[in-house]
C-alpha cells in the first residue's frame, strides 16, 4: 500500500456528522497467563488503530475475536480468557460503510493491510476529535486463508469452527469515554484455541 495522508479536516467533519450511539455485545480476549486479572485494561502499545494512547480492541463476534488471536498464535494451542461486555457508547464512528470509506478516500483493503501507518494516523485523528469508539473492519482474511478452521476447547468440550475471513471490531478509545458510556463485563470464560490448516 502506498503512503496516504489523511485530511484532518475531512476526518473531523466525518466524525462530527456521522458519529452515532452504539449499543451491543462485544468480545475481548487475551492470553490467560498475562491478562487474567486485567482483561479490559487498555493497551498503549502500537497496534492497528492506536499508537501511544490507550485503546481496548474488541470484536462484535466471538469467532472474529478468536481469529484475531489466531493471527498471532497461528496453529499453536493457546489458553485465553474471553470476556463479553454490554457496550453503551454515545460517540462511535462506523468505518465499515462505503460512504465513510469514500469520504476518507480509503478502502477496506487499505484499512486491513499489513501497513499500520494509515490506520494509526486515522485512529489518532479520531481520538483527537473526541470519538469514543470506531467500528472497523477486522484484518483477518489472510488468517482465514491460512487456517480455514479453528479448534476451541471450552469446559472440556472441543468444537471446530469455520474461521471467518471478515468481521467487525470495535476499538474503544478510553480517554474519550463520557458519562453514561460503559462496557461492563457480563460473561467470562477460559478456553484453548488453535488454528487448523484443514
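State the number of residues belonging to region 13-36 that are touching a helix residue (DSSP H, G or I) at 6+ places or on another chain (Cβ under 9 Å) and assigned to a strand (DSSP E or B).
6
Here are some residues: 89, 125. Which one is part of a helix (DSSP H, G or I), within 21 Å of residue 174 (Cα to Cα) and more than 13 Å from the chain's Cα centre (by Cα)?
125
Would you check which residues across region 1-24 are surrounded by 15 or more Cβ atoms within 10 Å (Cβ to Cβ), at pLDDT 85 or above and more than 15 Å from residue 136 (Cα to Cα) and list them?
12, the sole residue that qualifies.
Given the criteria within 22 Å of residue 24 (Cβ to Cβ), in contact with a helix residue (DSSP H, G or I) (Cβ under 8 Å, 6 or more places away or on another chain) and without any contact (Cβ under 8 Å) to a residue 60 or more places away in the chain, does residue 132 qualify?
On the way: within 22 Å of residue 24 (Cβ to Cβ): yes; in contact with a helix residue (DSSP H, G or I) (Cβ under 8 Å, 6 or more places away or on another chain): yes; without any contact (Cβ under 8 Å) to a residue 60 or more places away in the chain: yes.
Here the answer is yes, as residue 132 does meet what is asked.
Quick one: in region 113-133, of everything that is under 19 Å from residue 68 (Cα atoms) and crowded, with 23+ Cβ neighbours inside 10 Å, which residue is modelled with the highest pLDDT?
133
For region 160-168, indicate whether the set of residues that are in a strand (DSSP E or B) and surrounded by 12 or more Cβ atoms within 10 Å (Cβ to Cβ) is non-empty.
Yes, region 160-168 has at least one match.
Which one is surrounded by the most Cβ atoms within 10 Å (Cβ to Cβ) among residues in region 37-82 that are free of Cβ contacts under 8 Å to residues at least 60 places away in the same chain and not in a helix (DSSP H, G or I)?
43
In region 176-198, is there at least one residue being in contact with a helix residue (DSSP H, G or I) (Cβ under 6 Å, 6 or more places away or on another chain) and assigned to a loop (DSSP other than H, G, I, E, B)?
No - not one qualifying residue is present in region 176-198.
The values are calculated or read from the model by the stated rules, or taken from the named source; none is laboratory data. Owing to the predicted nature of the structure, the values given are computational and were not obtained by experimental measurement. So basically every Cβ, Gly included, is an ideal-geometry build from the backbone, and we count neighbours across all protein chains shown.
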